[in-house]
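Student: The structure follows.
The values are calculated or read from the model by the stated rules, or taken from the named source; none is laboratory data. These numbers come from a predicted model, not from an experiment. Glycine also receives a Cβ, built like all others from the backbone with ideal geometry; neighbour counts cover every protein chain displayed. Ligands, DNA and RNA are excluded from the accessible area calculation, which covers all protein heavy atoms including side chains. Shrake-Rupley method; radii C 1.70, N 1.55, O 1.52, S 1.80 Å.
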Amino acid sequence: MDRNNLIGFLLIFLLLIGYTIYESQQPRPEPPKTTQATPAPKVAPSVSETVTDSATAKRMYGDFAAAGFGEAKDIVVENKDVKITLNTKGGKIKEVLLKNYKTYDQKPLVLIDEKSSSRVLRLPGRTGDINLSDLYFTSTDVGGVVKQDGDSIRVSFRLALADNQYVEQIYTIRGSGYQIGYDLKVNGLDGVLKNAPVQLVWLEHLKKFEKDTQTSQMASAINYYTVEEEFNDIGDNSVSVDEKAVEEPIRWVSLKQRFFLTALIARGTPFSAGQLKSSVPTIVSNDNIKVLESNLQLSLADLKSGKGHFDYYFGPNDYEIVKNVTDGFRENVYLGWPVIRIVSRFVILPVFHLLESFITNYGLLIIALVLVVKTILFPLVYRSYMSIAKTRVLQPEIEEIKAKHGDDMQKVQQEQMKLYNQVGVNPLSGCVPVLLQMPILFALFSLFPNLIEFRQKAFLWANDLSTYDSIIQLPFNIPFTAYSHISLFAVMMTASSLAFTYYNSQMTSSAAMPGPYKTVQYVMPVVIMFVLNSSPAGLNFYYLISNLVTIAQQLTIRKFVDEGEIRRKLEENRIKNKDKKKTGFQARLEEAMRKAEEVRKDADSKKGPNTDAKKKTKK
């Protein structure tokens, strides 16, 4: 490996470190203080008075005053995946329980409830906004369990001023899945309402469902998708206050936690605009790790004309599920930058799910995934090794060139290029295979922390492959991080990286590697260890197995590669290329180097005739 090749590798590793730090949200802002005792603040009602008599109700609700009194009655509907509790007060969703999931401490996973969640529907009354969430709807439906996939249960809530004057909310629960149909109708209220947007104000105090609070905070965000097919987010990778006014029509909005979503999707006319905000409470608790707010505007004219068709989504942020919900909804699962996303979507995920269909242990599945990926990349690894081997064979001649031309680096480079051209060696051929592997490496780094399939899957000492495996808890935070634990898989991964680095250094002539680089190549894995210490155990385990397989591949290749045969072929190429004309690229490269040398000599001549003498004197 010559200097150019080494620099290429260093740039690749520096790029990896930068990407790793960016994706791991380094440097992290100081997280808010966490306490277990402080409950989430109860969502306050939107009015400051309690309705106690008809006069107060008339003043607060006008024509809707009669609905200010009533009985709050629960209606429970469920299928095999979710249990939804609806309530006649506000005609709203009161609670959502996901049947197939548990919290990190194995409690029932209640995605939303009255303490943590609020959805307020405001109609534009002529004398002021009317908060439907404070009013009592009527319903004759009793709920129940939907047992067959093709069946459904419909629950209707109506708030009527007269037979042909009403607001109606209809929920449709299907036999399976996490989508809940929601229709909103406004009929015959032209004399009561003014021509202005209806507002849906949605507030969520997110609960702690995962062990790692900091990662959950950073991964929680408001995602939205416009009619122009643009995906955006508010609050992702942030613990500061983020807010945005969205002026263009919105197709859907999701309040995303790391592995779960609550979302509202416009099936009819889109939301006309929205105000979105993400923040972290001053005191973080298990019931309040981050606050997400959205204020969506709906066209009153569309609700009057029967176009108020929506779907709620309450469920896992599972790529295989969300990709079929609606356009752009799969973007809720982060798969990396655009180019990386292509590799994740069309290469890594299909292979992963294929293996998942017949391997139930996710640790073994990771090993199988490594073997598949390494088998696919083996031709690139082989080419990289052969390039290094050719450079190693040429090292004695390169050393002679350096000794002959001394400090004239321009001449040294020219002679090296001439030598490479004579024997048919491309000095960049060792870097190109590594570069081609980087998209897969980055895809895995982006994908593993976001795959719900690893959630609460145990392997060896790791109880949950979706979060870090802590074997030691320190009495202080590790510098530049918000963590005080040591991950065993991260340590083992680093040890394997150092072993691979040592092995590579034995393959490369020490003279070909400048002194500082010898140290840097050992420092890099240690730096990466501190970055990946808080990463999912599954990701570190993948890198560990990947390093071990790579070392095995290198040893196997080395066993069957004869450097004497390589030297013989290089000599044959030297004879064959003796009278070969230079390619256009080689000619342009040499011309550029010649001009650069002329510029240097011209600059030296302008400094005066004693420049070289002064240099020698300084030496």
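Student: State whether one or more residues within segment 181-189 are open to solvent by 20 Å² or more (accessible area, probe 1.4 Å) and within 36 Å of the chain's Cα centre (by Cα).
Tutor: Within segment 181-189 (the criterion being open to solvent by 20 Å² or more (accessible area, probe 1.4 Å) and within 36 Å of the chain's Cα centre (by Cα)), the answer is yes, since at least one residue qualifies.
Student: Could you identify the single residue in VAL120, VAL155, VAL167, VAL142 that is assigned to a loop (DSSP other than H, G, I, E, B) and β-branched (Val, Ile, Thr)?
Tutor: Only one candidate qualifies: VAL142.
Student: Name the residue that is modelled with the lowest pLDDT, counting only residues in segment 57-78 that are charged (D, E, K, R) and closer than 15 Å to PHE157 by Cβ.
Tutor: Here the residue is GLU71.
Student: State all residues of segment 341-395 that are in a loop (DSSP other than H, G, I, E, B) and open to solvent by 80 Å² or more (accessible area, probe 1.4 Å); if no residue qualifies, say none.
Tutor: SER357, PHE358, THR360
Student: If you don't mind, there's one more thing I want to ask. Restricting segment 214-232 to residues that are open to solvent by less than 50 Å² (accessible area, probe 1.4 Å) and out of contact with any strand residue (DSSP E or B) (no Cβ under 7 Å at 6 or more places or on another chain), which is nearest to LEU264 (Cα to Cα)?
Tutor: ALA219
Per-residue answers, yes or no, for (1) within 18 Å of SER546 (Cα to Cα); (2) open to solvent by 20 Å² or more (accessible area, probe 1.4 Å); (3) part of a loop (DSSP other than H, G, I, E, B); (4) modelled with pLDDT of 85 or more:
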{"position": "GLN456", "(1), (2), (3), (4)": "no, yes, yes, yes"}
{"position": "THR467", "(1), (2), (3), (4)": "no, no, yes, yes"}
{"position": "ILE472", "(1), (2), (3), (4)": "no, yes, no, no"}
{"position": "ASN477", "(1), (2), (3), (4)": "no, yes, yes, no"}
{"position": "PHE480", "(1), (2), (3), (4)": "no, yes, yes, no"}
{"position": "TYR483", "(1), (2), (3), (4)": "no, no, yes, no"}
{"position": "LEU498", "(1), (2), (3), (4)": "yes, yes, no, yes"}
{"position": "SER505", "(1), (2), (3), (4)": "no, yes, no, no"}
{"position": "VAL520", "(1), (2), (3), (4)": "no, yes, no, no"}
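Student: Among the residues of segment 302-310, are any open to solvent by 50 Å² or more (accessible area, probe 1.4 Å) and assigned to a helix (DSSP H, G or I)?
Tutor: yes
Student: So which of GLN275, GLN297 is of a type in the set (S, T, N, Q), open to solvent by 30 Å² or more (accessible area, probe 1.4 Å) and within 25 Å of the chain's Cα centre (by Cα)?
Tutor: GLN275
Student: Shifting gears a bit: Report the residue count in segment 174-203 for those that are assigned to a strand (DSSP E or B) and among the hydroxyl-bearing types (Ser, Thr, Tyr). Walk me through it before giving the result.
Tutor: The first filter runs over segment 174-203 and keeps only residues assigned to a strand (DSSP E or B), leaving 174, 179-187, 193, 198-203.
Adding the requirement that they be among the hydroxyl-bearing types (Ser, Thr, Tyr) leaves 182.
Counting residues in segment 174-203 that are assigned to a strand (DSSP E or B) and among the hydroxyl-bearing types (Ser, Thr, Tyr) gives 1.
Student: Next up: Name the pairs: first residue in segment 301-312 and of a type in the set (A, V, I, L, M), second residue surrounded by fewer than 16 Cβ atoms within 10 Å (Cβ to Cβ), Cβ to Cβ under 8 Å, at least 6 apart or on different chains?
Tutor: ALA301/ASN195
Student: Pairs needed: first member in segment 204-227, part of a strand (DSSP E or B); second member anywhere, of a type in the set (Phe, Trp, Tyr); C-beta distance under 8 Å; at least 6 residues apart or different chains.
Tutor: ASN223/PHE231; TYR224/PHE231; TYR224/TRP252; TYR225/PHE231; TYR225/TRP252; TYR225/PHE329
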